[in-house]
Amino acid sequence: MEYKCITYEREAPLGMITLNRPDVLNAINDEMAYELIDVLTGLETDNEVRAVIITGAGKAFMAGGDIALMERMNTPEALEWGRLVYRVLDRIYQLPQPTIAAVNGAAIGGGFELAMACDLLVASIRAKFAQPELNLGIIPGAGSTQRLPRLIGATRAKGLILLGENLTAEQALQLGIVNRAVEAELLLTEARQMAQKVAGLPRRAVQTAKRAINLAERTDLGLGLQCEIELYAFLYSTQDQKEGMKAFLEKRSPEFKHI
């Protein structure tokens, strides 16, 4: 499939998705949403790609939704639009492979929400984060009212959403939203290094760890701990567990087969 609003580069073990509507700061429209769903659906069963980078073309990561499209919507249409964008972000969140947001510029509204759906975030020092939806007479509709309070606490989340405060990359790093903040010219290098590191670890262990961590947001502590034990035990059926422990005892580097 040829894409108009994104590009996808596959060089196993890495995949890179680039949001590619730079003339509108990569604002998401329905065409971009369906293209992302198509790529993500393919990635769900691609065992050779073990880490995925998402970044933006031009000077922005993503400036939220396409307002020219959204301005014409009525309530039923807005509901369908919200559900479509949710499908995209939930596919990213649930993707077996770890995802790394390489935030090259403004991550505004839905762009901020898309970045937060990723597992790891590395930001250019030029990046900024904001949730300005109230200025448009709406609220965030792709996860920020739920993810931000869990991530940084209700008080800080309300400051960003109700007051429309902007965050620099350094501030986002201090709040724990971003894992690393780097010079602009080093952004993709840093993202690739992070991706290569995680891609070199045992695939099943990495994907199981992501699943267990995501579960913590959706269940209580007691049930989560029981699920963790079961997932931990499951990995003893993999060849990489045997290789990892054998290599440790033999004082050598493991040679993982990702099986």
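Summary of computed values
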{"read-out": "Selection from region 159-170 of residues that are surrounded by fewer than 18 Cβ atoms within 10 Å (Cβ to Cβ) and either among the charged types (D, E, K, R) or within 19 Å of the chain's Cα centre (by Cα) (or both)", "value": "E165, T168, E170"}
{"read-out": "From the options T238, T208, residue that is more than 18 Å from T99 (Cβ to Cβ) and surrounded by 12 or more Cβ atoms within 10 Å (Cβ to Cβ)", "value": "T238"}
{"read-out": "Whichever residue in region 212-239 is touching a Cys at 6+ places or on another chain (Cβ under 9 Å) and in a helix (DSSP H, G or I) and, among such residues, is nearest to L201 (Cα to Cα)", "value": "A212"}
{"read-out": "Residue match in region 133-142 (condition: more than 22 Å from N29 (Cβ to Cβ), buried (at least 17 other Cβ atoms within 10 Å of the Cβ) and in contact (Cβ under 8 Å) with a residue 60 or more places away in the chain)", "value": "no"}
{"read-out": "Among the residues listed as R83, R72, R91, the single one being closer than 18 Å to S144 by Cβ, of a type outside the set (V, I, T) and surrounded by fewer than 17 Cβ atoms within 10 Å (Cβ to Cβ)", "value": "R83"}
{"read-out": "Answer from A191, A172, A181 - the residue that is assigned to a strand (DSSP E or B), closer than 23 Å to G56 by Cβ and at pLDDT 95 or above", "value": "A181"}
{"read-out": "Residue ranges of strands (runs of 3 or more DSSP E) in region 1-84 with at least 2 members free of Cβ contacts under 8 Å to residues at least 60 places away in the same chain and on the phi < 0 side of the Ramachandran plot", "value": "6-11, 14-19, 60-62"}
{"read-out": "Sole residue being in the same structural domain as A195 (by TED's automatic domain parsing), at pLDDT below 95 and of a type in the set (D, E, K, R), chosen from R91, R50, R87, R72", "value": "R72"}
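The values are calculated or read from the model by the stated rules, or taken from the named source; none is laboratory data. None of the values given here were measured: they were computed from a predicted structure. Positions of Cβ are backbone-derived with ideal geometry, glycine not excepted, and every protein chain shown enters the neighbour counts.
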